[in-house]
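J.: There's a structure below that I have some questions on.
Every number in this text was worked out from the coordinates using simple rules, so none of it is lab data. All values reported here derive from a predicted model rather than from experimental measurement. As a convention, Cβ positions derive from the backbone with ideal geometry for all residues, glycine included, and neighbour counts pool all protein chains shown.
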Amino acid sequence: MLKVGVIGGGSISEFHIKPYLANDQVQLIALCDRNEVRLAKMGEEYGVTNLYTAYKDLLANPDVDAVSICTWNNTHAEIAIQALNAGKHVLLEKPLSMTVEEALAVEQAVQRSGKLLQVGYVRRHASNIHVLKKFIDAGDLGEIYYAKASCLRRLGNPGGWFSDIAKSGGGPLMDLGVHMIDICWYLMGKPKPVSVSGNTYTRLGNRKHIEKLSFYKAADYDAQHNDVEDLANALIRFDNGASLFVDVSFTLQAKQDEVSVKLYGEKGGAEVEPALAIVGEKHNTVINMTPQIDDLAFDFAGAFANEINHFVACCLTGKESLAPVADGVAVMKMLCAVYESANTGKEIIL
């Protein structure tokens with residue numbers, strides 16, 4: 001049995017807690033949140049009696065083998081390092097950190113401790129990605145030399161800590177771009193990035209005056225506070241000559257929201273979002289293939305369940321995680337380079 005604690009009681013935590021409760025190899029024995037009222041409710045709802053308002057107190061519990069960290073971005077590196085130093089395995093929500101320096105410090109803590117740290121790149125664990133990866137690994141797409149991804153919200157700034165740069169580290173690039181960049185890079189075979197050219201825009205704010213369009217709002221939503229970008233885009237070049245273009249927004253004068261992930265190879269191509277489709281050639285004909293699986297589109301809850309179960313299996317067996325700390329460091333380098341390029345107006349050489 002793996003005895004687990006969850007640090008942070010925000011909305012994302014339930015996507016960790018429920019799969020833990022459903023896994024017969026796990027005992028969820030501890031919860032931590034600074035909000036005492038919310039913590040008490042969580043303890044009652046999930047039947048957990050070890051409740052902490054300070055994460056260090058949870059980490060001091062010798063019965064805890066592993067933790068999920070579901071807190072603000074500005075605490076990720078600090079709590080992860082403390083957890084590793086305390087001898088706990090760690091599942092850390094994305095992004096790994098706020099800076100490259102923090103990311104490297106987390107990686108060093110992993111190496112010192114000998115414990116597992118899995119980064120919360122949940123899209124890697126989706127069923128449609130699992131199917132597509134089989135085609136890619138078998139060489140059906142050939143070398144993937146170009147990918148492009150968009151996650152555009154026309155009205156979708158969650159507010160609260162998401163729009164507070166001191167807590168989030170950035171806006172849609174940190175929140176959405178991390179997923180878009182990671183899933184493309186992962187499916188492209190994780191080539192080494194060599195240069196990044198990016199732009200960020202802060203033209204629209206949170207558009208709190210817009211009426212009759214609902215969207216997800218953080219628990220601490222405050223329409224008055226917003227100091228993150230509205231929109232970010234980037235071109236990332238890799239050492240094998242491949243390239244990735246990505247654009248993400250919290251708010252944009254767009255007709256509708258858009259999520260799109262596309263990959264182009266020498267033998268075939270693929271679309272992951274909004275639903276899995278694979279393109280190939282046979283008998284001098286272009287073939288559009290639709291795999292016959294239940295989850296052609298990204299299944300949020302299902303992917304989280306797969307991610308949690310994978311983390312548990314890795315902790316118990318010692319197998320390598322699908323999303324190791326080294327990958328978290330690499331993605332952080334790309335994210336931070338986009339911001340640096342936008343701030344300086346120059347291409348960044350990695």
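J.: How large is ³J(HN,Hα), in whole Hz, for each residue of the stretch 176-183 in order, when computed from phi with the Karplus curve 6.51 cos²θ - 1.76 cosθ + 1.60 and θ = phi - 60°, using x for Gly and Pro?
T.: 9, x, 4, 5, 5, 5, 5, 5
J.: Taking the Cβ-Cβ separation of residue 134 and residue 11 as r and a Förster radius of 35 Å, what is the calculated FRET efficiency to the nearest 0.05?
T.: Details: r = 33 Å, r/R0 = 0.93.
The computed FRET efficiency comes out at 0.60.
J.: Can you tell me what the convex hull of the Cα atoms of the stretch 101-184 projects to on average, as an area in nm²?
T.: On the way: hull surface 33.2 nm².
Convex hull of Cα atoms, orientation-averaged projection: 8.3 nm².
J.: Next up: Write out the chymotrypsin sites (Phe, Trp or Tyr not before Pro) in the stretch 216-309 meeting two conditions: DSSP loop, and at most 12 other Cβ atoms within 10 Å of their Cβ. Numbers along the way, then the final one.
T.: Values: sites: 216, 221, 238, 245, 250, 264, 298, 300, 304; in loops: 216, 221, 250, 298.
Within the stretch 216-309, the qualifying chymotrypsin sites (Phe, Trp or Tyr not before Pro) (loop, at most 12 other Cβ atoms within 10 Å) are 216.
J.: Right, another one. Long-range amide H contacts for residue 289: which residues qualify at under 5 Å (H placed 1.01 Å from N, peptide plane, sequence gap of 5 or more or a different chain)?
T.: So residue 289 has HN proximity to 278, 279, 280.
J.: Viscosity 1.002 mPa s, temperature 20 °C: give me the Stokes-Einstein translational D for the stretch 88-229 in µm²/s, with Rh taken as the Kirkwood radius over C-alpha pairs. The partial results should precede the final answer.
T.: On the way: Rh = 17.7 Å.
Once the numbers are plugged in, D ends up at 121 µm²/s.
J.: Another question, if that's okay. Debye sum, Cα scatterers, the stretch 176-278, no solvent: what log₁₀ I/I(0) at q = 0.15, 0.16 1/Å?
T.: -0.77, -0.84
J.: When the dipole is taken about the Cα centre of the chain, and only Lys, Arg (+1) and Asp, Glu (-1) are charged at their Cβ, what size is it in debye, to the nearest 20? Display every interim value, and only then the final one.
T.: Details: 33 positive and 42 negative charges, 61 e Å.
The dipole of the chain has a size of about 300 debye.
J.: Which whole-number percentage describes the relative contact order of the chain, with Cα contacts under 8 Å and a sequence gap of 6 or more? It would help to have the intermediate numbers written out before the result.
T.: Values: 769 pairs, mean separation 72.8, N = 350.
Answer for the chain is 21 percent.
J.: Also, I was wondering about something else. Of the trypsin sites (Lys or Arg not before Pro) in the stretch 262-346, which ones lie in a loop per DSSP and count no more than 15 other C-beta atoms within 10 Å? Can you show the working numbers first?
T.: Working: sites: 262, 267, 282, 319, 333, 346; in loops: 267, 319, 346.
Passing both the DSSP loop test and the Cβ count: 267, 319, 346.
J.: In addition: Rounded to whole Å and ordered largest first, report the semi-axes of the equivalent ellipsoid of the stretch 249-337 derived from its Cα gyration tensor (root of 5λ).
T.: Numbers: eigenvalues 161, 94, 56 Å².
Result for the stretch 249-337: semi-axes of 28, 22, 17 Å.
J.: Roughly how many whole Å is it from the C-alpha centroid of the stretch 194-227 to that of the stretch 143-162?
T.: Cα centres, the stretch 194-227 to the stretch 143-162: 12 Å.
J.: Once R0 is set to 56 Å, what does the formula 1/(1 + (r/R0)^6) return for the Cβ-Cβ distance between residue 57 and residue 195, expressed as a FRET efficiency to the nearest 0.05? Spell out each step's value before the answer.
T.: Details: r = 45 Å, r/R0 = 0.80.
FRET efficiency, residue 57 to residue 195: 0.80.
J.: Which of the residue pairs 134/190; 88/133; 94/212; 94/319; 115/217 have a Cα-Cα distance greater than 25 Å in the structure shown?
T.: In this structure, 88/133; 94/212; 115/217 lie more than 25 Å apart at Cα.
J.: Using the beta-carbon distance between residue 256 and residue 214 and R0 = 22 Å, what value does 1/(1 + (r/R0)^6) give for FRET efficiency, to the nearest 0.05? List each step's numbers first, then the result.
T.: Working: r = 14 Å, r/R0 = 0.65.
Working from the Cβ atoms, E equals 0.95.
J.: Given H placed 1.01 Å from N in the peptide plane, which residues other than close sequence neighbours of residue 91 have an amide H under 5 Å from its amide H?
T.: Hits under the 5 Å cutoff: 67, 68, 69, 118.
J.: Let me ask you something else. Suppose each label sits 7 Å from its Cα in the direction of the beta carbon; what would the residue 316-residue 245 distance come out to in nanometres?
T.: Reported label-point gap for residue 316 and residue 245 is 4.6 nm.
J.: How big is the C-alpha Rg of the chain next to the rule-of-thumb value 2.2 N^0.38 Å, as a ratio? Walk me through the numbers before you get to the answer.
T.: Values: Rg = 20.2 Å, N = 350, 2.2 N^0.38 = 20.4 Å.
Taking the Cα Rg and dividing by 2.2 N^0.38 Å, one obtains 0.99.
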